[in-house]
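K.L.:
For reference, the structure I am asking about is given below.
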Amino acid sequence: MKKPDTSLFQLIKAMGANEKRYFTGNNSSKLIFLFNAIDAQKVYDEANIKKKFAADSYFVNHLNTAKRNLQKSVLKSLRNYHTESSIDIRLRNRMTDIDLLFYKGLYDMCLKAINNLKIIAVKYEKWMWQLEAIRYEYRLNAVSKSTNNSSQYLHRLKKEEDLLLKKIGNFCEYDFIVNHYHLLVTSKGHRKKKPLKRLFLSPALQSERQTLSWKARRNYHLLKHFYYLHLKHDLKLALKHIKHYLVIIKKTPFESEAHLISYIYGLQDYSFLCIKLKKTDEVFSIIREIKGFLQKTSSEFNSPAIAKVAFVKSYSMELALLNHIGEAEKGIALVPEIETGLKKFKNHLIKQNYIVFYFNIALCYFGAGRYRDTIRWLNKVMNETDNTVREDIQCMVRIINLIVHYELGREEYVQFLISETRKFLQERKSVFKIEHVVLNFFDKKLPVSGKGISPTEDFKELQRELKLISKDAKESEALEYFDFIFWAESKIENRPMSEIVKKKYLRGVV
């Protein structure tokens, strides 16, 4: 049996409260009845809709038609509601005005509208709209006296057009590198440095002077931040470039929700560098700033996309920071707020968002020594059917799962997990030697450990080996997920891992 189309349901669920009020206040009662019935459902149930409107012959006999009409009305309502909400929408509306004025033969008014559009397009670097405006100027020049019909005028238009095409080409080059970078770091084998080195050898990244626009400069500094972070491991220079990136965004006029979302992503990158550089006060300040966006979104921005990003970035950042400084209990205190947010934004989140939250929450419970709760959250990651999503975390979770069951004294089950984990790492081509060192430790040392006993000398040997391997910059990245060295130390000292982390943090070691 063919499944009912759920696109209308998804569209309605993606609407904000103000958008829904605007729609219901400007449409016919029949459409509103159907709209409200669908909106009230948590999961789309067409049989329930038919049952609800069983007494209405129109909905019984023409439900698919009614759904199509409702979807058209919702989209029209959203267009009207957001008529001035972004620069692109404003420019699109103005271009429609230009179309109408031109075809009505009102050429003087048309030229004035073109000039007004170009002022906005120049301010926000909307080059495609500028090019469209220039095409209309050429057409006006051919049919009216609104322009001066001179060779000088045509050459000015050509020069303006050529400059715009250069800017577009220049920006596209930087945009390609940014997208290629993200493709490399999210694909299998992304830790291999050769493809990244080749990418960062691009002539466009040799000097900021090669950028022709603020959009290109923004991408230039973002890429230099990635370069110093992942290839040179120079955190201070990486921080310098992400600062430039944020300054450029703040100085340029706000154009759309995408503008603010880019800023929030930049704040996240800045905060993680601050964590590494022990600038924790700045991180807490950033978290407060992003949570401020979350509080404003309902009234000021009315954007589920901004609200979702603000929620994901602020809380994931806070969990990461609290784990880093050994404040596991404070991280656990955030869990109810996070669970509420996950439910609130469930229609806007991707699998990766859930996996990162589950992982960081599990680390908080582990740090606090609450191992059964740790397993519950680790299982949420391992039960994800698509193991290609965040393979780095998927691999790390299997190793931590071994450790947790060992902490609970389940040596026999750990023996079973060792082979399962080894198979999983081989299939996923795990890239960290540290993961295999820990796995081999359990495989070789566990059988002689004695039930519930943690031989100090074995853990000292493990710690020495981990410290030696972590001198490799690539391997040290594994400790950013879970610090196995601190865990070994917690076993040596017989203390909760969060105490070890907190002690090291206060001493300035982490």
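K.L.:
Please list, by residue number, everything in the stretch 163-182 whose backbone N is under 14 Å from a paramagnetic label point 7 Å out along Cα→Cβ of residue 251.
P.N.:
Counting backbone N atoms under 14 Å from the label point, the list is empty.
K.L.:
By a straight-distance test (C-alpha under 20 Å), which lysines pair with residue 503 as possible cross-link partners, with residues fewer than eight away in the same chain excluded?
P.N.:
276, 278, 279, 330, 460, 467, 491
K.L.:
Reachable lysines from residue 159, Cα under 23 Å, same-chain residues fewer than 8 places away excluded?
P.N.:
Partners found: 112, 118, 123, 126, 145, 167, 215.
K.L.:
What accessible surface, in Å², does a 1.4 Å probe find on residue 180, ignoring ligands, DNA and RNA and rounding to the nearest 10?
P.N.:
Using a 1.4 Å probe on the heavy atoms, I get roughly 60 Å².
K.L.:
Next question. Alpha carbons only, please: Rg and Dmax for the chain, in angstrom.
P.N.:
Rg, Dmax (Cα atoms, Å): 28.5, 96.
K.L.:
Towards the positive end of the charge dipole of the chain, with charges on Cβ (+1 Lys, Arg; -1 Asp, Glu), say which of 27, 121, 103 has the farthest Cα.
P.N.:
103
K.L.:
Can you pull the accessible area of residue 472 for me, 1.4 Å probe, Å² to the nearest 10?
P.N.:
Roll a 1.4 Å probe over it and residue 472 shows about 80 Å².
K.L.:
Follow-up question, since we're still on this one. Taking only protein heavy atoms and a 1.4 Å probe, what accessible area per residue, in Å², does the stretch 283-437 have with all protein chains in place?
P.N.:
Per-residue accessible area for the stretch 283-437 comes out at 42 Å².
K.L.:
If you don't mind, another one. What number comes out for accessible area per residue over the stretch 25-127 if the probe is 1.4 Å? Units Å², please.
P.N.:
60 Å²
K.L.:
Cα-based Rg (one decimal) and Dmax (whole number) for the stretch 123-244, in Å?
P.N.:
19.8, 62
K.L.:
Another question about this same structure. More than 17 Å apart: what percent of Cα pairs in the stretch 62-134 qualify?
P.N.:
54 percent
K.L.:
Tell me, in nm to one decimal, what length is gained between residue 145 and residue 33 on full extension, where the rule is 0.36 nm per residue of separation less the Cα-Cα distance?
P.N.:
Contour length minus Cα-Cα distance gives 34.9 nm.
K.L.:
Over all pairs of distinct alpha carbons, what does the Kirkwood formula give as the hydrodynamic radius of the stretch 272-405, in Å?
P.N.:
15.5 Å
K.L.:
Wrap a convex hull around the Cα atoms of the stretch 1-92, take a quarter of its surface area, and give that in square nanometres.
P.N.:
Computing the convex hull of the Cα atoms and averaging its projections yields 6.7 nm².
K.L.:
Evaluate the charge dipole of the chain about its Cα centre and quote only its size in Debye, nearest 20, assuming +1 on the Cβ of each Lys and Arg and -1 on the Cβ of each Asp and Glu.
P.N.:
Using only the charged Cβ atoms, the result is roughly 1040 debye.
K.L.:
At 1.4 Å probe size, with the rest of the protein present, what percent of the exposed accessible area of the chain is carbon and sulfur atoms?
P.N.:
Looking at the chain in its full context, I get 53 percent from C and S.
K.L.:
Work out the P(r) tail for the stretch 204-282: percent of alpha carbon pairs separated by more than 17 Å, whole number.
P.N.:
Tail of P(r) above 17 Å: 44 percent of Cα pairs.
K.L.:
Here's something else I'd like to know. Express in % the proportion of alpha carbon pairs of the stretch 56-202 at distances exceeding 17 Å.
P.N.:
That tail contains 73 percent of the Cα-Cα pairs.
K.L.:
Oh, and also: Which lysines, if any, have their Cα less than 20 Å from the Cα of residue 308, not counting same-chain residues under 8 positions apart?
P.N.:
13, 20, 42, 291, 296, 343, 344, 346, 351
K.L.:
Same structure again: Take 278, 215, 3 and sort them by solvent-accessible surface of the protein heavy atoms, 1.4 Å probe, largest at the top.
P.N.:
Listed by decreasing accessible area, they come as 3, 278, 215.
K.L.:
Taking all protein chains together and a probe of 1.4 Å, list 214, 487 from the most accessible to the least accessible.
P.N.:
Sorted by accessible area, descending: 214, 487.
The values are calculated or read from the model by the stated rules, or taken from the named source; none is laboratory data. Just so we're clear, the structure is a prediction, and the values are computed from it rather than from any experiment. Please note: Cβ atoms are built from the backbone with ideal geometry, for glycine as well, and neighbour counts cover all protein chains shown. Protein only, heavy atoms only, side chains kept; ligands, DNA and RNA dropped before computing areas. Shrake-Rupley method; radii C 1.70, N 1.55, O 1.52, S 1.80 Å.
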